[in-house]
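Below is one structure, written out as structure tokens, with a few remarks after it.
The values are calculated or read from the model by the stated rules, or taken from the named source; none is laboratory data. Values in this document were obtained by computation on a predicted structure and should not be read as measured data. Using ideal geometry, Cβ is built from the backbone for each residue, glycine included, and neighbour counts are taken over all protein chains shown. For the accessible areas, the whole protein counts, side chains as well, though only heavy atoms, and no ligand, DNA or RNA atoms are used. Shrake-Rupley method; radii C 1.70, N 1.55, O 1.52, S 1.80 Å.
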Amino acid sequence: MPASPSTARAINDRLALRLLQQDGPLTATQLKTLTGLSRPTVADLVERLQGAGLIHVVGESGAVRRGPNAKLYGIVADRAHLAALDVRTGSVSVVVADLLGATLAEATLPIADDTGTGPAVEQAVALLERTARRAGSVPLHSVGIGAPGLIDPATGELRDSSGLPAWHRGLVRVLQRRLPATVLVENETNLAAVAEHRAGAAIDRETFVLIWLGQGIGAAVMLDGKLRQGASGGAGEIGFLPVPGVAGLPSAVDCEGGFYSLAGSAALCELAARHGIEPPPGAAQEATAVAAVHTALDAGERGQPFLNELADRLALGAAAVVSVLDPGCVLLAGAVGEAGGAQLAARVEERLALMSPLRTEVRAGSLGDGAVLRGALIAARDAAQEALFAPGG
């Protein structure tokens, strides 16, 4: 059945707004060309979107002939502000941006291990409030949160997970209760995959698996352009994957004995020590693992044994994922993946080709440790645009 006039207008408005968000500013003539709509229809939607306060004139094109057709229209970026949080075991990072994703203010705060749940939550909330005030007086519309652990797909809530700070769950609940904004929470590795897909190393891939290599280990599954969380939100929990070369097996509450014991930061620090790579004084485990990869890459031939064994380990986890999903592409992301770069990715790809008949490209993520925050901001922006770009939004 043909769409009703109101539905057709809504579809046209949404299409024009998406084009302005992705490619803008644009003239009415450019909108006509890109949408395939008639000139009167484009004129009507431009007037309607201006009246709704969603777009405005931002200048004129460089055309010699001036007039109404030369006006450049753009999204009203300060119609709403967005916030993103990257919640780690010992810190929280915040960025506040406008509706087009331009950063307005950002901050990071360490949270000490001995900080109680209540004080830790209040410190994180205060950080967000201060950062939002520095960004301006426009209220927050949507807040995206990236955190380790499982997200319940039915409720969207961060589930209780052993080994993770209780203040993570407390922070999400407090923000959902206090803020008038929409608060979204997603697993950090999943958000990293969203960011790499939209603006990073997987921008040309609709299907891939991202393996996060940092303090912990995780994976995110993107199939046909959609993030797949699994029935309980646990798709990609490859830290629990049983692998050869470790003592024992993982349990339901502890990933020791799984892939984590081969490729987590603690395991990489031990591997580096065995190969005579000295850690930086006083560095945390993740920083030590990253430094070991850099040192090995800079050491030439002397660094080859460490890099080879590291690639062997990563290929084990990658091979298990590839054999089940056949994604065609695996991204090595997180702090360690970024440190290894294209050289480590190439080594893993070579070993994977020997272990699996399924042809798989291995790439290094391009957004580094900031991918989680970038993905959380994308989630917040998508939510805001879905609401604001809707009819009557």
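Odds and ends about this structure:
- On the beta carbon distance between Arg274 and Ala231, with R0 = 56 Å, the FRET formula returns roughly 0.90.
- Inter-label distance for Asp78 and Ala43, nm, one decimal - labels placed 7 Å from Cα along Cα-to-Cβ: 3.2
- Helical segments meeting 15 Å axial Cα length and Kyte-Doolittle 0.5 threshold in the chain (DSSP H): 304-325, 371-388
- Of the peptides 35-44, 8-17, the ranking by mean beta-carbon count within 10 Å, highest at the top, reads 8-17, 35-44.
- In terms of the mean number of neighbouring beta-carbon atoms within 10 Å, the peptides 193-203, 265-275, 165-175 order highest first as 193-203, 165-175, 265-275.
- In plain terms, the chain from Arg178 to Thr108 could stretch by 23.1 nm, reckoned as 0.36 nm per residue minus the Cα-Cα distance.
- Counting only DSSP beta bridges whose two residues both lie in the chain, roughly 60 percent are antiparallel.
- Efficiency of FRET from Cβ geometry, Ala10 and Arg159, R₀ 56 Å, rounded to 0.05: 0.95
- Surface exposure of segment 1-146, expressed per residue as accessible area with a 1.4 Å probe, stands at 50 Å².
- Sites Ala126 and Ala284, calculated FRET efficiency, Cβ-Cβ separation with R0 22 Å, nearest 0.05: 0.35
- Taking each DSSP H run with n ≥ 4 as -39500 (n - 2.57) and averaging over every residue of the chain yields -14500 deg cm²/dmol at 222 nm.
- Taken as Cα centroids, segment 284-347 and segment 27-42 sit 48 Å apart, rounded to the nearest whole angstrom.
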